[in-house]
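Derivation of every value follows stated rules applied to the coordinates shown; laboratory data play no part. All of these numbers come straight from a predicted model, not from anything done at the bench. Cβ: placed from backbone, ideal geometry, glycine included. Neighbour counts: every protein chain shown.
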Amino acid sequence: MHLVDTLNNSLQNPADFAHGPAFPLRPIRSFVRREGRMTPAQQRALTDYWVTFGVDAAAGLLNLEALFGRRSSRTLEIGFGNGESLTTMAAAHPDQDYLGIEVHRPGVGHLLLRATAWQLTNLRVLCTDAVEALNRQIPDAAFERIQIFFPDPWPKVRHHKRRLIQAERVTLLVRKLKPGGQLHVATDCEDYAGVILALFNATPELENAAGDGGFVPRPVWRPLTWFEQRGQRLGHRIRDLLFTRCAVASDPKQNA
């Protein structure tokens, strides 16, 4: 397993890391930090396993080949929650690499427990604001797939500004995809689904995998998580949006 050195020299003592990764506080944009209860097991995971899977949020632009120790197909999951879908996919595809971003430490701790138990070597994690990571750390044209499963819908109108997927961020997401790469969003909020669909359909660089310009059937390869099953029991309709980044058009001047 390739270890990721995420600790500064001043944090060599494990006791210094007892409360999780030492990330600097940053302005909150697309989330409100709701830590919830951290279980002892999750806390131990952050203490003991972060050095194996974690990526320093204070680092600059990431070298993904160096991070994973190889060149392979890569998936970025933004807001992975407790890591259920991300770890399941990483375990199913050991030949591919997975990078997850999640700001809530209990969820990160839960993922670290699963990743360690399953001895995953193709998974790395950032614990920070996704928008800041996209702007500062994630290289352009680096991923075959970006997935955002069940982002916080912020249903109250006055909170819509907190939604992760906004018009000004769609281009940012597209930039991180390789040409031909896929952007996959799943949500159980009908209003949010409609907003995202309109934004993606209006983006020239994206092509809707649904022939009618709507939603796609639930892909069989998307893991069925506890959260989704709960939504189904509550009668929520699950919407999947699947878009492909169009190939970069050649410059006519270069062909003249």
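Taking R0 as 35 Å, what's the FRET efficiency between Arg162 and Ala141 from their Cβ-Cβ distance, rounded to 0.05?
Details: r = 28 Å, r/R0 = 0.80.
That pair, Arg162 with Ala141, gives E of 0.80.
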(request) Using amide H atoms built 1.01 Å from N in the peptide plane, name the residues 5+ places from Ala209, or on other chains, whose amide H lies under 5 Å from its own. (result) Leu242, Phe243, Thr244
(message) Contact order normalised by length for the stretch 90-137, with contacts defined as Cα pairs under 8 Å and 6 or more residues apart; what percent is it?
(response) 49 percent
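So how do 231-243, 76-88 stack up, highest first, on mean other-Cβ count within 10 Å? Don't jump to the answer; show the numbers that get you there.
On the way: 231-243: 15.9, 76-88: 23.3.
Those peptides, ordered most packed to least, come out 76-88, 231-243.
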(message) Regarding the stretch 155-249, what's the average projected area of the Cα-atom convex hull, expressed in nm²?
(response) 6.9 nm²
(message) Taking amide H atoms as placed 1.01 Å from N in the peptide plane, list the residues 5 or more away in sequence, or in a different chain, whose amide H sits under 5 Å from that of Ala58.
(response) none
(request) Apply the Karplus parameterisation 6.51 cos²θ - 1.76 cosθ + 1.60, with θ equal to phi minus 60°, to every residue of the stretch 136-153 and state each ³J(HN,Hα) to the nearest whole Hz, in sequence, with x for glycine and proline. (result) 10, 10, 8, x, 6, 6, 10, 10, 7, 8, 10, 10, 10, 9, 6, x, 4, x
(message) Multiplying the sequence separation of Arg175 and Leu67 by 0.36 nm and subtracting their Cα-Cα distance, what value in nm do you get?
(response) 36.9 nm
(message) Going by amide H atoms built from the backbone, whose H comes under 5 Å of the H on Tyr98, apart from near neighbours?
(response) Thr75, Leu123, Arg124
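Applying 1/(1 + (r/R0)^6) with R0 = 22 Å to the Cβ-Cβ distance of Gln232 and Glu207, what FRET efficiency is obtained, to the nearest 0.05? If you can, show how the numbers build up before the last one.
Working: r = 29 Å, r/R0 = 1.32.
Calculated transfer efficiency: 0.15.
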(message) Per residue of the stretch 198-214, what does 6.51 cos²θ - 1.76 cosθ + 1.60 with θ = phi - 60° give for ³J(HN,Hα)? Whole Hz please, x for Gly and Pro, Karplus curve as stated.
(response) 5, 5, 5, 5, 8, 9, x, 6, 10, 10, 6, 6, 7, x, 8, x, x
(message) Could you give each residue of the stretch 56-61 its phi-based ³J(HN,Hα) in whole Hz, using Karplus coefficients 6.51, -1.76, 1.60 with θ = phi - 60°, and x for Gly or Pro?
(response) 5, 5, 8, 6, x, 4
